[in-house]
Amino acid sequence: MADPNCIFCKIAQGEIPAEKIYDDGTVFAVRDINPKAPTHVLVIPYEHVEALADADAALVAAAAHCLEAAPGIARALGVTGAGYRLVANQGPDSGQEVPHFHLHILAGRRLGPMG
Ligand code: AMP
Ligand code: ZN
């Protein structure tokens, strides 16, 4: 169920314009508006699934689909050889801004240690 206050639901439904660089009807990908690396893409399920911590069936299915799509998106972006990082933020300490599950694909520079 779409959340009317959710920015990613609004992008999913075309209420906020964004160029979808990948779309398979279940998940889509857009470039991050505030990139943290030369390549920074978000893989977002159409369905509004929220907290990773709940890990309910809908979240698990959506997260699995994002993971399934990410390598092909990375290949299309030309970053497979040099490598990339997949990130899913959860909760305040992670800096999560949007409570609609998504994967970040970060690439294009040495990303350094996690932390
Ligand atoms: P997170 O902190 O994991 O919730 O990530 C949310 C990401 O969404 C941040 O990196 C934001 O820069 C990004 N973001 C917010 N609004 C938009 C938008 N309209 N289009 C693309 N990316 C966005
Ligand atoms: Zn949403």
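The values are calculated or read from the model by the stated rules, or taken from the named source; none is laboratory data. In this text the structure is predicted, and so the values were computed from the model without any measurement. Ideal geometry is used to build each Cβ from the backbone, glycine not excepted, and the neighbour counts take in all protein chains shown. With ligands, DNA and RNA removed, areas are computed over all heavy atoms of the protein, side chains included. Shrake-Rupley method; radii C 1.70, N 1.55, O 1.52, S 1.80 Å.
Taking the 1.4 Å solvent-accessible surface of the stretch 57-115 as the whole, the part contributed by carbon and sulfur is 57%. Each helix, a run of at least 4 DSSP H residues, gives -39500 (n - 2.57); summed and divided by the residues of the chain, these come to -7500 deg cm²/dmol at 222 nm.
Counting protein heavy atoms only, the stretch 1-49 has 54 percent of its accessible area on carbon and sulfur, 1.4 angstrom probe. Sequence-distant contacts, meaning Cα pairs under 8 Å at least 6 residues apart, place the relative contact order of the stretch 1-98 at 21 percent. Applying a 4.7 Å cutoff between beta carbons, the unpaired cysteines of the chain are 66. The antiparallel fraction among DSSP beta bridges confined to the chain stands at about 100%. Treating each Cα of the chain as an identical point scatterer and summing with the Debye formula, the log10 of I(q)/I(0) at q = 0.19 Å⁻¹ comes to -1.03.
Full extension of the chain between residue 51 and residue 85 gives 10.2 nm of extra length, using 0.36 nm per residue less the Cα-Cα distance. Ligands, DNA and RNA excluded, the heavy atoms of residue 85 present near 60 Å² of accessible surface to a 1.4 Å solvent probe.
Computed with a 1.4 Å probe over protein heavy atoms only, the accessible surface of the chain comes to 59 Å² per residue. Our note on the geometry: Cα centres of the stretch 10-38 and the stretch 65-88, 15 Å apart. Given +1 at the Cβ of Lys and Arg, -1 at the Cβ of Asp and Glu and no other charges, the dipole of the chain around its Cα centre is 700 debye to the nearest 20.
Could you tell me how many degrees, from 0 to 90 and to the nearest 10, lie between the Cα long axis of helix 57-77 and the main elongation axis, the longest principal axis, of the Cα atoms of the chain? On a 0 to 90 degree scale, this one is about 30.
For the peptides 41-54, 89-102, the ranking by packing is 41-54, 89-102, with the highest mean count of neighbouring Cβ atoms within 10 Å listed first.
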